[in-house]
1. What distance in nm separates the simple spin-label points at Asn10 and Glu36, each placed 7 Å from Cα in the Cβ direction?
2. For the chain, what is the mean residue ellipticity at 222 nm derived from helices alone (per DSSP H run of n ≥ 4: -39500 (n - 2.57); sum divided by total residues; nearest 500 deg cm²/dmol)?
3. In whole angstrom, how far apart do the alpha carbon centroids of the stretch 1-29 and the stretch 53-115 sit?
4. Multiply the residue gap between Glu126 and Ala52 by 0.36 nm, knock off their C-alpha separation, and tell me the result in nm, one decimal place.
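Computed from the coordinates by the stated procedures, all read-outs in this text should not be read as laboratory data. Computed from a predicted model, the values in this text were never measured in an experiment. FYI the Cβ positions are ideal-geometry reconstructions off the backbone, even for glycines, and counts take in every protein chain you see.
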Amino acid sequence: MPSILQYYRNPLGSITYDPAGFVQLTWSDAPISPPELQSIYVHTLQALRHHAARKLLTDQRRRQPLPLAEQQWIVEHWIPRAVQECAYSHCAIVESQELVGRQAARAVGQALGTNPPLFHYFAEEELARTWLRQND
C-alpha cells in the first residue's frame, strides 16, 4: 500500500496526502498566528488541487481555539474557494480535547449551514478516516 506523503509544514501543523484519497491537516498546539494560519490553509488548498482530492481530515486535538476573525476568514474566503476550485465536499474533524476548541470548530461548520462541504465530527482519528473512505 502506498505511504502517506508529507506535503507542507509550519509551526501550526502539517499537511499530508493519504493515498486513500484525502488531504490531512494535523494541527500542533502552537498559538494561532493569522499569517501562519492563512499559509497552512493556502497550502491545504494547493494539496487538494495537486492531488485532485475533494476530502479533508483535520486533526484538531491539539489546535488552539481559532479567533473569531480567523473563523470568518475560513467561512467567507477559504471554504468557498476550496469548493469552487477543488470541489471540496467532505471534512472529517477530529475534535479538540478542549471545549472552547470544539466550539470554535463547530461554529465554522454551523456558519455554512447546509452548503458544502459536509462536516462530520469525531473523537478518534480512525473513525474519521473510515468515514472519509466510505463517502465517495
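1. About 0.9 nm, to one decimal.
2. Taking each H run of at least 4 residues, the total per residue is -12000 deg cm²/dmol.
3. Here the two parts' Cα centres lie 16 Å apart.
4. Separation in residues times 0.36 nm, less the Cα-Cα distance, equals 24.4 nm.
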